[in-house]
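Chemist: Can you keep this structure in mind? I'll have questions shortly.
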Amino acid sequence: MLSLFICGTAVTSQYLAEQYKVNTPMLQSFTNYCLLLLVYTTMLALRTDNESFLQILKRRWWKYILLGLADVEANYMIVKAYQYTTLTSVQLLDCFGIPVLMALSWFILRARYRLIHFIAVAVCLLGVGTMVGADILAGRQEGEDSRRDVEVTGCSPTCTSCPAKRSDVVIGDVLVLLGASLYAISNVSEEYIVKNLSRVEFLGMVGLFGTIISAVQLTIVEYRDIARIQWNWKIALLFMAFALCMFGLYSFMPVVIKVTSATSVNLGILTADLYSLFFGLFLFCYKFSGLYILSFIVIMVGFVLYCSTSTWTAETVSTSLPQPASTGLDNLGLKLEEDDHELPATSIQVTQEENGMANSS
């Protein structure tokens with residue numbers, strides 16, 4: 001379901017860009033944050049149990065500002081990167097977020113992985129590589145790259161030595177790496193909040209600060225692009241479809257993360273590119289390759305492998321009791337004493353007959 005929501009955002013964004021020449025990623029994200037603000041921030045403000053809305057703001061406002069900034073910029077950088085680099089680079093470098101996510105989960109969430117988890121991640125990345133190879137063999141990559149070169153650099157499609165092209169590709173690749181890293185930070189924070197606080201608090205705070213940050217940013221960087229939009233009911237419908245897909249993605253992802261983990265969710269949504277391809281076959285006349293089916297199968301095999309074995313969490317060392325500095329018998333005595341305190345209290349009832357037998361003996 002999450003992959004289908006991501007597919008919806010990709011298809012609507014591409015349709016806006018190709019059919020109506022609308023490239024406003026910040027405005028599109030702004031509509032999603034507004035929906036989160038209207039629904040979840042309102043629910044959080046009306047909540048009477050646990051902490052109130054004002055208490056949450058007072059205690060953790062600066063943390064949610066950083067989280068909102070990371071989330072907004074991650075969305076913006078990934079979409080912006082398509083204007084500079086190739087689809088292949090975006091698909092490959094976007095996977096950089098998965099090892100970053102695992103590293104952050106190791107240090108922040110104290111998640112511990114087994115060998116099968118690393119094998120599963122490698123299998124999923126192999127599936128992504130297969131999908132990129134299918135793009136190249138199907139000819140989809142070359143056509144998109146040529147259009148991008150003419151639009152961005154003004155060069156002819158056959159030009160291969162233009163310094164402007166090389167610098168643009170570097171900028172795009174850096175944007176993808178930064179965006180993937182920010183996505184990892186956002187996902188780890190999301191996992192911590194939904195498992196230790198609440199889903200409504202996460203979505204309400206992201207909706208509040210995401211709306212503010214995206215509104216300021218689109219006013220600065222996209223006001224000219226927004227002014228050039230020739231609005232009609234089709235463009236408005238595409239914006240609405242994008243916002244609803246993003247809203248569904250943000251609403252359901254915390255539910256899945258709470259029962260699994262951010263890493264497994266990110267592995268599962270690698271299949272979103274395959275769903276986008278299937279829609280592209282009908283909407284954008286993509287060429288089909290059997291490697292797409294193979295890549296889907298490989299990604300799903302890796303995903304099932306990852307979910308087949310649960311991760312475990314390293315326990316923090318308790319500081320409530322003084323820790324012994326020596327080893328050997330002292331530690332053994334302390335352990336026995338602790339075990340003795342942990343034994344349940346028991347009562348022994350002695351009958352009158354048994355008491356008499358004990359006295360006579």
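Chemist: Can you compute the modelled spin-label distance between Glu18 and Lys258, with each label point 7 Å from Cα toward Cβ, in nm?
Modeler: Inter-label distance under the simple model: 3.8 nm.
Chemist: DSSP loop (so not H, G, I, E, B), at most 14 other Cβ within 10 Å: list which trypsin sites (Lys or Arg not before Pro) in segment 14-109 pass both filters.
Modeler: Passing sites in segment 14-109 are Lys21.
Chemist: Any chance you could run the full-extension gain for Phe278 through Thr48? It's 0.36 nm times the residue separation minus the Cα-Cα distance, nm to one decimal. Numbers along the way, then the final one.
Modeler: On the way: separation 230, 0.36 × 230 = 82.80 nm, distance 4.57 nm.
Here the answer is 78.2 nm.
Chemist: Let me ask something additional. Given R₀ = 30 Å, FRET efficiency for Ala236-Met1 by Cβ-Cβ distance, to 0.05? Each step should come with its number before you reach the end.
Modeler: Numbers: r = 25 Å, r/R0 = 0.85.
For Ala236 and Met1, the calculated efficiency is 0.75.
Chemist: Starting from the Cα gyration tensor of segment 1-55, multiply each eigenvalue by 5, take the square root, and state the resulting semi-axes largest first in whole Å. Spell out each step's value before the answer.
Modeler: Values: eigenvalues 220, 36, 8 Å².
Equivalent ellipsoid semi-axes, largest first: 33, 13, 6 Å.
Chemist: Explain nothing, just compute: Karplus ³J(HN,Hα) = 6.51 cos²θ - 1.76 cosθ + 1.60, θ = phi - 60°, for every residue of segment 189-203 in order, whole Hz, x for Gly and Pro.
Modeler: Here the 3J(HN,Hα) series is 4, 4, 4, 5, 5, 6, 8, 10, 10, 7, 5, 5, 5, 4, 5 Hz.
Chemist: A follow-up question, please. Two decimals, Cα atoms only, Kirkwood Rh: what is Rg/Rh over segment 1-114? Provide the component values of the computation, followed by the final result.
Modeler: Values: Rg = 17.8 Å, Rh = 17.2 Å.
A ratio of 1.03.
Chemist: On to the next question. With a cut-off of at most 15 other beta carbons within 10 Å, and DSSP calling the residue loop, which trypsin sites (Lys or Arg not before Pro) in segment 233-311 qualify? Please list them. Please list the in-between numbers first.
Modeler: Numbers: sites: Lys234, Lys258, Lys287; in loops: Lys287.
Hits after loop and neighbour filter: Lys287.
Chemist: Here's a follow-up. Provide Rg over Rh for segment 52-138; use the alpha carbon set for both Rg and the Kirkwood Rh (inverse mean inverse pair distance). Could you put the intermediate results ahead of the total?
Modeler: On the way: Rg = 17.7 Å, Rh = 16.0 Å.
Ratio value, two decimals: 1.11.
Chemist: For segment 86-125, just say rounded, prolate or oblate: build the C-alpha gyration tensor, square-root its eigenvalues into a ≥ b ≥ c, call rounded for a/c under 1.5, and beyond that prolate if a/b exceeds b/c, oblate if not. Please list the in-between numbers first.
Modeler: Numbers: a/c = 5.92, a/b = 1.66, b/c = 3.56.
Cα axes put segment 86-125 in the oblate bin.
Chemist: Between Ala103 and Val39, what length in nm is gained on full extension when 0.36 nm per residue of separation is reduced by their alpha carbon distance?
Modeler: 19.8 nm
Chemist: Does a label point 7 Å from the Cα of Tyr192, set along Cα-to-beta-carbon, have any residues of segment 40-78 with amide nitrogen under 20 Å, and which are they?
Modeler: 51, 55-75
Chemist: Could you calculate the contour length gain from Ile212 to Arg110, that is, 0.36 nm times the residue separation minus the distance between their Cα atoms, to one decimal place in nm?
Modeler: On the way: separation 102, 0.36 × 102 = 36.72 nm, distance 3.22 nm.
Difference between extended and current length: 33.5 nm.
Chemist: First check a/c for segment 185-279, with a ≥ b ≥ c the square roots of the eigenvalues of its C-alpha gyration tensor; if it is under 1.5, answer rounded, and if not, answer prolate when a/b is larger than b/c or oblate otherwise.
Modeler: Numbers: a/c = 2.48, a/b = 1.45, b/c = 1.72.
Because a/c hits 1.5 or more and a/b fails to exceed b/c, segment 185-279 counts as oblate.
Chemist: Looking at segment 1-57, which chymotrypsin sites (Phe, Trp or Tyr not before Pro) are DSSP coil and have at most 11 other C-beta atoms within 10 Å of their C-beta? Provide the component values of the computation, followed by the final result.
Modeler: Working: sites: Phe5, Tyr15, Tyr20, Phe30, Tyr33, Tyr40, Phe53; in loops: none.
Answer in residue order: no site qualifies.
Chemist: Once you wrap a convex hull around the alpha carbon atoms of segment 26-93, what is its projected area averaged over all directions, in nm²? Let's see the in-between values first.
Modeler: Values: hull surface 24.1 nm².
Projected over every direction and averaged, the Cα hull of segment 26-93 covers 6.0 nm².
All of the numbers you see were taken from the coordinates with simple rules; none came from a lab. Predicted model, so just to flag it, every value in this text is computed and none were measured. Note: ideal-geometry Cβ built from the backbone for every residue, glycine included; neighbour counts use all protein chains shown.
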